[in-house]
1. Considering only region A:208-224, state which residues are without any contact (Cβ under 8 Å) to a residue 60 or more places away in the chain and of a type in the set (S, T, N, Q).
2. Could you tell me whether residue A:108 is more than 16 Å from ligand 1 (Cβ to nearest atom) and free of Cβ contacts under 8 Å to residues at least 12 places away in the same chain?
3. With A:29, A:51 as the choices, which residue is more than 16 Å from ligand 2 (Cβ to nearest atom) and of a type in the set (Lys, Arg)?
4. Restricting attention to region A:5-22, report how many residues are away from ligand 2 (no atom under 16 Å from the Cβ) and either in contact with a Lys or Arg (Cβ under 8 Å, 6 or more places away or on another chain) or assigned to a strand (DSSP E or B) (or both).
5. Give the number of residues within region A:16-42 that are without any contact (Cβ under 8 Å) to a residue 60 or more places away in the chain and within 18 Å of the chain's Cα centre (by Cα).
6. Only helices (runs of 4 or more DSSP H) wholly contained in region A:46-149 count here; list those with 3 or more residues that are within 14 Å of chain B (Cβ to nearest Cβ) and closer than 24 Å to residue B:165 by Cα.
7. What are the residues in region B:173-220 that are crowded, with 20+ Cβ neighbours inside 10 Å and either of a type in the set (Ser, Thr, Tyr) or without any contact (Cβ under 8 Å) to a residue 60 or more places away in the chain (or both), if any?
8. If you take the residues of region A:23-45 that are within 16 Å of ligand 1 (Cβ to nearest atom), small (Gly, Ala, Ser) and assigned to a loop (DSSP other than H, G, I, E, B), which of them is nearest to the other protein chains (Cβ to nearest Cβ)?
Amino acid sequence: MTSTPHLLATRNLIARYGDFQALFSVDFRIGPGEVVALIGANGAGKSTFLRALMGLLPVGRDMVFFEDQPVGGSQPHHMVQLGVAMVPEGRRLFAGMSVEDNLKVAIDHARKTAEKTWTLERIYKLFPILQEKRAAQVEKLSGGQQQMVAIGRALLAQPRLLLCDEISLGLAPKVIREIYEVLPEIAKTGTSIIIVEQDVMLAQRASNRLYCMLEGHITLESLSSDVTRADIAQAYFGAGHEVA
Amino acid sequence: MKWLDALIQGVLLGGMYAQYALGMALMFGVMRLVNIAHGDLVVLLALIGISASVAFGIGPLPLVLILVPLAALIGWSLQKFVLNKVVGADSLPSLIATFGLSIALQNLMLEIWSADTRSMRGGGIESASIDIGGIYIGLLPVLILVAATLLTGGLDLTMHRTRFGRALRAAAADTEAAAMTGVNPRVVYAYATAIAVGILGLSGVFFALRATVSPADGPAQLIYAFEAVIIGGMGSIWGGFVGSMVLGIAQAIGFRIDPGFGTLAGHLVFLTVLATRPQGLMSRG
Ligand SMILES: Nc1ncnc2c1ncn2[C@@H]1O[C@H](COP(=O)(O)OP(=O)(O)OP(=O)(O)O)[C@@H](O)[C@H]1O
Ligand SMILES: [Mg+2]
């Protein structure tokens, strides 16, 4: 194989929970600076896929490649050092700690780089409300503000690849717009982004390419601008589904 | 005067309990790991200290310098080789693992030191006291209280102001989320248990100076530490200290009412707190 411009790729990625197989030979790739959406119904395996990339699930070494190096099954803190960070489903903030302490944990353990793209100041500029609330415990924040902390925390790890798992879930449309407005700014820094979404329109608009997953299989891979609603419906619900 | 004396003696007794409660506040209160061998480790370290002081003729201060690193190493190994294997959402596996360890330690100590009680000579420090207007205050208990206060303050600052403290609180709040933020929870937990047990190296020396020690004394120390942490409130480092004071004062006052009532008074206060303020005195919840 010649040099590929992939930042991250999976080959034949398989993941299971005990006897239950959740991912079936998933082939996926994302280039530097690309925004790739992963869509799919409830239980399709989207979160499982992101967790496998992050090192939170045991997978084979040569199932995940980062800059062509096999890294599957590495510990999460190793993946952070390589440049992968995640905004997990359900936000998963550190309860009992202040906004700023939540962010500082990421600063303390960030990927070691010469120049830090993301600083506390920059996060506060991106989400001014967080500066105002910096001393508040994270449980006291609204859902949208908590999501901002989760995104800020992931960015402060200085990622080259940001994994976002349903960052719009449970938020008001205005807040969703606010949060999605920062994605282009993140991509502009050269960071690649994988966005997992149930809202197909949102995912399509925010991404360069998209994958659709159904019951652990990739059923569609396309440029986001090319894909038709019929293609998506087919891939989303499975073959034989009639488009209304 | 009688009650003022009881109060002062209670605070001093609380200082001793606070030493045990500190490691417990860290492991049980913050990390949600139950270490049933906590009291047995104090006793083990005290017995090692007594034997070492007799064998090599060394005083309490050099002993502390030996026992604290030894205790920290024991704690680190305990976490790395035992507790990190069972760390999870609930406390039950750690309880079972350390329960086994507790029994094993008690048997081992009985084998080595027999059931005799021993104590340590401290060159007069163990019996020195100051007379303040008719109230006798032992120098050693004051020293213990001061040490407990400084350690509690230091550990609280460590938890809130340092990289390590933030990482530990993060890992305790959500181990997986901490890992995806770059923390290696196992390493952080191993250091935390090293600190928790390391403190017991100091407590062991104080224990041996202050009272007599026998291999079966561990469970009582464990109970006081547990009660103190629960009275004070889970997750709060100062909570363990406050809980220890409450326990010490209750016991001292109970003892003045009737010598047989002292220990029971402590347990009754514990039960009262559990029934009326189960989240503990210092908890924000
Ligand atoms: N811890 C687990 N143990 C066993 N099965 C699991 C576990 N987590 C997920 N699963 C199963 O794996 C499959 C994929 O789940 P996953 O959470 O990856 O889906 P998803 O696409 O993220 O769904 P959603 O849109 O609801 O978040 C589902 O069938 C789910 O029931
Ligand atoms: Mg999901």
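1. The answer is A:219, A:222.
2. yes
3. Checking each option against the conditions leaves just A:29.
4. 11
5. 1
6. Fully inside region A:46-149 and qualifying: A:76-82, A:99-108.
7. Those that are crowded, with 20+ Cβ neighbours inside 10 Å and either of a type in the set (Ser, Thr, Tyr) or without any contact (Cβ under 8 Å) to a residue 60 or more places away in the chain (or both): B:173, B:177, B:178, B:179, B:180, B:181, B:182, B:183, B:188, B:189, B:193, B:203.
8. Per the stated criteria, the residue is A:45.
The values are calculated or read from the model by the stated rules, or taken from the named source; none is laboratory data. Since the model is a prediction, treat every value here as computed from it, not as a measurement. Cβ atoms come from the backbone with ideal geometry, glycine included; neighbour counts cover every protein chain shown.
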